[in-house]
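Take a look at the structure set out below.
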Amino acid sequence: MSPDGARDPSGVCFTMHGIGVSGGIAIGHAHLFAGMHAEVDHYEIPAAEVFREQRRYDKAVKEVRDELNELADSVRHSAAAELAPFVNVHRMLLDDAAFTDAPREIIREQRCNAEWALRQELDELLAQFSDIDDTYLREREADVRQVAERVLGALAGTRARIAMKPVREDASILVARDLSPADVILFRQHPFAAFVTDLGGATSHTAIIARSMNIPAIVALHHSRTLVHEDELIIVDGTQGVVIVNPDRHVLAEYRLRQNQARLEKDKLKRLRSAPAATLDGTPVQLYANIELPSDVETVRASGATGIGLLRSEFLFMNRRDLPDEDEQYEAYREVVQSMKGMPVTIRTLDIGADKTMEGDGSHGEQPVNPALGLRAIRYCLAEPEVFNTQLRAILRASRHGKALILIPMLTTWNELTQALAAVQRAKEQLRDEGVKFDEYVPVGGMIEVPAAAIALPMFIRRLDFLSVGTNDLIQYTLAIDRADDRVAHLYDPLHPAVLALLAGVIRTAQQNEKPVAVCGEMAGDVELTRMLLGFGLRHFSMHPAHLLAVKQRVLGTSLPDIAPTVARILKTDEPDKMQALIEKLNA
Amino acid sequence: MLKRAIKVTNKLGLHARASAKLTQAASKFESAIWLTRNGRRVNAKSIMGVMMLAAGIGTTVELEAEGPDEAAAAREIEALFNDKFGEGE
C-alpha cells in the first residue's frame, strides 16, 4: 500500500453471507475495529519526512486523548458510570512514555511509518507482559492493547481524511472480528449505522444488544475483517444476512429505495403507539418491553409498552471489578420503577455466568468447561447469599416507588425455589426491622427456561405469583445447542416440535392454575410467531422495544377463532416443511 | 534516599486500577520514586512500568524514594499499599 493510503475507490463488488441477527438495511463506509492481529502497514519514509511523521503520530495520540476525555465525561453521568475507572486507566496508559515517546523514537531511528513504529513498541510491551506468571495481571495486557488499537484507529483516520476531502454524510459500519457486550455498550456512544462480525451466533448476547440499539447486524461472516478494507462502501442487509461490498450504482439505488420503504413503514407503525393492544375479537393482550439499562426507559416509552417484562439486572454488574452496593442498585431500580409511573417493572435477579461473566466474582483464571450448565443465575445467587441479599433488598426498597416484581431465573429444583423464597422473606424481615418501607406484596415469579422446570411445572407454579418463559435458554437446553457457537447456531430452531410442546404446555398449565404467564425470550418479538403464540393461549408478551409496534400491528389484525385450527395443526406436525407451510398460512 | 520493603496484600495485586492509583499518588511528589521486584526496577510514576512489575498478592516490592519530599512520598505510598488500594480485600 502506498504511504498516502490511497486505494482504488472503485473496488470490486462482492457479497458475503452470514447470520442476520438484527434486521434492517444500512448503507455506509466500513470502519475496521482493529484487532492487533490484523496486519499493519510498513513502509520507509525519507529522512525529511521524519518530523512530519512524528507530528502525525502526536496528532493521533492527541485525538485519542480527546476521545478518552470525552468518553470519561459521558460515562461519568450515564448508566455506564462503572466504566469510568477503566477509561481513566486507558488515559494514563496513553500518557505513559511507552506511548507518547517510544514510537516517536522508533520513527526517527528506523525511518518507518507511525503505524509500524507503534506496532513494534506494542510487540515489545506485550512480550514483557507474556512473561508475567500471574494470570490475572498478565491479562491486563488487554488494556495496553486496546489503547494501541485506538491510536492505530486514529492514525487510519488521519490518513483517510487526507485521502478523501469531502465530509461524508453516510454513517460508519463497524467491521470487527468479534464484539463483547462491553464493547457494544461503549459503541452506544458512537453513531454506527450497523455492525458486522466474523464470529458469533444468532442469539449470542452481542446480537441481543445489537437489536437493542435497533441497528442492523450480521454475525458469523468468517472473513469480513480480511476482505473488507477501511472506508469501503458497504450495504448491510440485516434481515437477509447479506453484506454487499463496493456496490455498483444500480444495487445502491435499489437498496436506498428499500431503506426508504422501511423508514416509511416504521413511521406508519409509530401511529399505533397509543392504541391498546387487542385482537380483532376483542381479547386484550399485554405487550411489555425487555430492557438492560435504566436509560432504556425512554425507548420503552416511545414503543408504547405497558410495562417492563424483563429488566436484565446483570448489566449493573458487568464491566467492573467490584460489586455494585445496595444503594447503587437501589438507585438504578428506583429510577426505572419511578419513571414507569405505576406500570409493572419485572426485575430479574442476577443471571451471571454462561456468556455473561463478571470480573468481580473473583473466579478469574478458571474457565468452566460448560458455563451454560454451570454456576449461573439462581445457582450463583444461592451460592453467594450476600450478593443475592443485597440485590433483593435493593429491589424491595425500590418497590415502594411504583410497581416492582421479582423474577428468579433458571429455576430447576424444588429446593432452589424454597431457598429463593426464603431469601426474599429474609430481606423483607431485615427491612421491616430497620423500619425501611417497601411494597409488602411484591410478586415473585420464576423464569421457566430449563426443560425440567417446564415439564415439572406443577412443582413450582403453586408457590409462584407469575411465570415468564425464557425461550432463548429453553431452546438452547432443549436442543442442546450452544447459542454462541456459530458452528451449531444454525441448528437452533424455535419451531422444533419439542420446543413448541414445552411452550404450549407451560402456557396451558399456567392458565389452568390461573397464574399469569409471559414469554420474554426472542420468540416474543418475532412477528412471524405472534399468531402461533396467541393461539397457544399467550396473552402476555415481553420483547425488545424495537419489535413492539410490529407485534402490536400483528395482534390488532388477528382473530383468535380464525387461527385456532391452524395452531392446533402446528402442535401435531413433526415435519419441518409442513411446519413452515403452516406458519406461513397462519401469517397470510 | 529512603528504602523500604512493602508487601502486596490486596487480592488482585497491582492490577490496572491499583497501578493507576499508585502512579497518580507517586506523580504528586517531586522525588524520584522507584519500585523493585525480582530485579526489575521501574519508575513508580509510569503506569506501564508499575503494571509490568506484575506484583500479585503476597509478593514483596522494594520502594525507593529520593528527593526533597522523599519521606512524605514513602509514607503515602506505603499507606496506599496497606489500605489495599481502597479495595477492601
- Query: Applying the selection to the range A:282-292, what residues are touching a helix residue (DSSP H, G or I) at 6+ places or on another chain (Cβ under 7 Å), modelled with pLDDT of 95 or more and not in a loop (DSSP other than H, G, I, E, B)?
  - Reply: A:Leu287, A:Ala289
- Note on the structure: Of the residues in the range A:470-495 that are assigned to a loop (DSSP other than H, G, I, E, B) and among the charged types (D, E, K, R), the one that is surrounded by the fewest Cβ atoms within 10 Å (Cβ to Cβ) is A:Arg487
- Message: So, in the range A:235-281, how many residues would count as being outside any loop (DSSP other than H, G, I, E, B) and either farther than 19 Å from A:Ser303 by Cβ or touching a Ser or Thr at 6+ places or on another chain (Cβ under 7 Å) (or both)?
- Response: 20
- Note on the structure: Selection from the range B:12-38 of residues without any contact (Cβ under 8 Å) to a residue 40 or more places away in the chain, buried (at least 21 other Cβ atoms within 10 Å of the Cβ), within 8 Å of another protein chain (Cβ to nearest Cβ) and closer than 14 Å to B:Ile77 by Cα yields B:Ser19, B:Ala20, B:Thr23
- Query: Are there any pairs with C-beta distances below 6 angstrom linking a residue in the range B:54-76 that is assigned to a loop (DSSP other than H, G, I, E, B) to a residue that is surrounded by fewer than 14 Cβ atoms within 10 Å (Cβ to Cβ), with the two at least 6 apart or on different chains, and if so which?
  - Reply: B:Gly67/B:Glu30; B:Pro68/B:Glu30; B:Asp69/B:Glu30
- Task: Give the residue, chosen from A:Leu126, A:Leu94, that is more than 9 Å from every other protein chain (Cβ to nearest Cβ) and under 18 Å from B:Leu22 (Cβ atoms).
- Result: A:Leu94
- Considering the range A:402-427 alone, what residues qualify as being buried (at least 19 other Cβ atoms within 10 Å of the Cβ), among the small types (Gly, Ala, Ser) and in a helix (DSSP H, G or I)? A:Ala420, A:Ala423, A:Ala427
- Message: Every residue in the range A:120-148 that is under 24 Å from A:Arg65 (Cα atoms) and part of a loop (DSSP other than H, G, I, E, B), please.
- Response: A:Glu139, A:Arg140
- Residue match in the range A:318-331 (condition: polar (S, T, N, Q), touching a residue at least 12 places away in the same chain (Cβ under 8 Å) and on the phi > 0 side of the Ramachandran plot): yes
- Query: Looking at this structure, is A:Ala117 over 22 Å from A:Leu179 (Cα atoms) and either small (Gly, Ala, Ser) or in contact with a Leu (Cβ under 7 Å, 6 or more places away or on another chain) (or both)?
  - Reply: yes
- Yes or no: B:Thr9 assigned to a loop (DSSP other than H, G, I, E, B), surrounded by 14 or more Cβ atoms within 10 Å (Cβ to Cβ) and β-branched (Val, Ile, Thr)? yes
- Odd one out for A:Tyr330, checked against (1) of a type in the set (Ser, Thr, Tyr); (2) at pLDDT 90 or above; (3) farther than 24 Å from A:Gly445 by Cβ: (3)
- Considering the range A:422-469 alone, what residues qualify as being without any contact (Cβ under 8 Å) to a residue 12 or more places away in the chain and farther than 19 Å from A:Ala501 by Cβ? A:Ala422, A:Gln425, A:Glu429, A:Arg432, A:Asp433, A:Glu434, A:Gly435, A:Tyr441
- State all residues of the range A:143-202 that are of a type in the set (A, V, I, L, M, F, W, C), farther than 27 Å from A:Glu314 by Cα and at pLDDT below 60; if no residue qualifies, say none. A:Ala160, A:Ile162, A:Ala163, A:Met164, A:Val167
- Could you grab me the full set of residues in the range B:39-83 that are hydroxyl-bearing (Ser, Thr, Tyr) and away from chain A (no Cβ under 12 Å)? B:Thr60
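The values are calculated or read from the model by the stated rules, or taken from the named source; none is laboratory data. Treat the numbers as computed from the prediction; the structure is a model and nothing was measured. Virtual Cβ from ideal backbone geometry, glycine too; neighbours counted across all protein chains shown.
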